[in-house]
1. Exactly one condition in (1) crowded, with 23+ Cβ neighbours inside 10 Å; (2) among the aromatic types (F, W, Y); (3) in a helix (DSSP H, G or I) is not met by F311; state its number.
2. When the residues of segment 200-239 are narrowed to those that are among the hydroxyl-bearing types (S, T, Y) and over 17 Å from S107 (Cα atoms), which ends up farthest from the chain's Cα centre (by Cα)?
3. Condition test on V515, is it β-branched (V, I, T), touching a Ser or Thr at 6+ places or on another chain (Cβ under 9 Å) and over 17 Å from A594 (Cα atoms)?
4. Can you tell me which residue in segment 182-231 is surrounded by the most Cβ atoms within 10 Å (Cβ to Cβ), limited to those that are acidic (D, E) and assigned to a helix (DSSP H, G or I)?
5. Looking at segment 335-345, is at least one residue under 29 Å from the mean Cα position of the chain (by Cα), touching a residue at least 40 places away in the same chain (Cβ under 8 Å), surrounded by fewer than 19 Cβ atoms within 10 Å (Cβ to Cβ) and within 22 Å of F263 (Cα to Cα)?
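The values are calculated or read from the model by the stated rules, or taken from the named source; none is laboratory data. What you see is a predicted model, and the numbers here were worked out from it, not measured in a lab. Positions of Cβ are generated from backbone atoms using ideal geometry, with glycine treated the same way; all protein chains shown enter the neighbour counts.
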Amino acid sequence: MSLAVLAILAACTAAQAEDLNCLTEQSRADAIAYGQLQQESYAALDRRRKRYEQLTTPEQVTAYQQQLREFFIRQLGGFPERSPLNARTVGVIEAEGYRIEKVIYESQPHHHVTANFYLPDGDGPFPGVVVASGHSRTAKTADYNQRFGIMMALHGMAALCFDPIGQGERSQFLDADGQPQFSSTTREHFLVGVGSILVGRNTARYRVWDAIRSIDYLAGRPEVDAEKIGLTGCSGGGTLTSYVMALDDRVACAAPACYLTTFRKLIETIGPQDAEQNIYAQLAFGMDHPDYVLMRAPRPTLISSTTGDYFDIEGAWDSFRQAKRIYARLGRPEQVGLVEVEGGHGVHPQNLATIVHWMQRWLTGRDEPVAPTELSVRRSEELLCTESGQVLTLPGERSVIDLNAEHELELAEARQLLWTESTPEQMADRIRKIVGVPGNDQLQAPDWDDVGRINRDGYHIDKLILRTETSVLPGLTFHPPDPQEDAYLYLHEDGKLGDSEVGGEIEKLVAKGYVVVSVDLRGQGETGSGKPDELLGDWKTYFLAYLLGKPLIGLQTADALAAAHFVAFYQTPTPRNVHLVGVGQAGVTALHAAALNRERFATVTIRNAPQEWATVVREPLPSGRLTGTVHGALEVYDLPDLVRLIGANKVEFVHTD
């Protein structure tokens, strides 16, 4: 065997021997942040269920509905004022028994919606049904959405199927050729969510408002009876239907498909989904999936489900039962229903037939069975409304990025005034409340265990586990043979293993004689819920915390302060100087930790992290900084304000990418 092969084998053996994990299989199961948040979610849902059981009178139901609606709108970020739709029809397709108009209108000034309007032959006015698209790239022109429109028209109802943001002709991110940057529409919604969250909005705000303005358009057509408006949609369209039917009283009849379950079942199975399907602090407030139906009770509502859907069918039946009981207390038990059809996620022929029957019953007064029907659909190209196939190419078009950026400029003026009129201590307290970090006098010193040692050339690594009342933090302590008094806390977006390799940045500090401690903050490394998304990070943990009203940054900041206490007092009765390094998204955590405990840190080095959130909001293509966002933070502070609290002379930003 050659010397080269022997050298490779020796290196592989050494790498295998260097196990830098700290937790056993069992202890890791108990330490995963997602699991901890699950338990908190179940407790919140139990509290909500107890409140639900107390709704015994119509007056109590009305008060419950009002409280939920006000909370819902507030958490979405409120709605803009209505502006002229400036609607126009850009093409007409004649078909047997109906026609399709290709229409464009503005839900906000210079923010266009593209839609297909299916109008039955004959004299109106007809009932009208808005069709909300699921997460298909082709949106309104997808086969199942066309079938929605055709079936409604063939049964005497007009239908308006529109493109949501990030889909169809409304992609918010185009490449150099004017085509959608991402094949995944949910990825677009996640990225829209980055800036929206920072300015106190939600991706759902834009989708809901588009749907409300689509109702405005439909109700404004002379061929449509504005008193007989329906709303339906599947998957992401089921989400949007659930939201809008809860908020807009004009929706006389609704049929959300393949979405409604319960949060308990969702969290137990596939977990939180994309940005618009998570409303900030809704679990903490007590708003569950059944509440989207309860908010509109007793108006007619059909839950359309499939047996094999990944939105759990048992949860769908639980939602239905909760709704049925409330509808009965309001004297209208017949006005809520559920259909379950064999099959996977989607609108199967019987689902569609039942939805059309439901709309026909409550909007036209005809209670006649509708048979499942095979329908031919058109090529997507025939149904496009713009010449280029994308509204962003229209002159003066404003994307959601533009709308968020405009709002951020308004918030910036208010922030500047707020900081002028407040003391640093007052602003630090406000920030502490926003991110949910306890006061320094409430943060307890962590307990810790030494669980092993790894020897490297010239130094060793001690493996440890820090424990607080709320978290378990696996960590590594890098020891030079003759350490200096000062020490480093090293936070990396990849957890304790980030920059820990031989020859890496941590080893360079050790070579200078510094002890360096690195840890897995909640949701990182051994406490993460799996391999983080390359662009979005551990978004499932992020959004489960988001649903509880707990910014992940806040949880990680509390972890960082606990780790800093360990570093300051490790093997010494008097605190040593602690130097803080934050890399990537962990740089945002590091800034919060240093701003909320300025005395703890001698210096702060931030590497390859954003220097301000306002810039992130304005980025034409957000660089996936989801897990480093805090809902509504820009209403009060930006990252430079944290630097101001720390002291600019203490902070250094380094970019090595």
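1. (3)
2. Looking at the filtered set, the residue picked out is T232.
3. Values: β-branched (V, I, T): yes; touching a Ser or Thr at 6+ places or on another chain (Cβ under 9 Å): yes; over 17 Å from A594 (Cα atoms): yes.
Judged against the criteria, V515 is a match.
4. Filtering first and then ranking leaves E188.
5. yes
Here is a yes/no grid of residues against (1) surrounded by fewer than 24 Cβ atoms within 10 Å (Cβ to Cβ); (2) part of a loop (DSSP other than H, G, I, E, B); (3) on the phi < 0 side of the Ramachandran plot:
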{"residue": "V517", "(1), (2), (3)": "no, no, yes"}
{"residue": "L521", "(1), (2), (3)": "no, yes, yes"}
{"residue": "H579", "(1), (2), (3)": "yes, no, yes"}
{"residue": "Q611", "(1), (2), (3)": "yes, yes, yes"}
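Residues checked against (1) charged (D, E, K, R); (2) over 19 Å from A487 (Cβ atoms); (3) at pLDDT below 95:
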| position | (1), (2), (3) |
| --- | --- |
| L547 | no, yes, no |
| K550 | yes, yes, no |
| L561 | no, no, no |
| A586 | no, no, no |
| T589 | no, no, no |
| T603 | no, no, no |
| P620 | no, yes, yes |
| D638 | yes, yes, no |
| V651 | no, no, no |
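Let's see how each residue does on (1) loosely packed, with under 11 Cβ neighbours inside 10 Å; (2) more than 22 Å from G195 (Cα to Cα); (3) in contact (Cβ under 8 Å) with a residue 24 or more places away in the chain:
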residue: E406; (1), (2), (3): no, no, no
residue: I434; (1), (2), (3): no, no, yes
residue: V437; (1), (2), (3): no, yes, yes
residue: D447; (1), (2), (3): no, yes, no
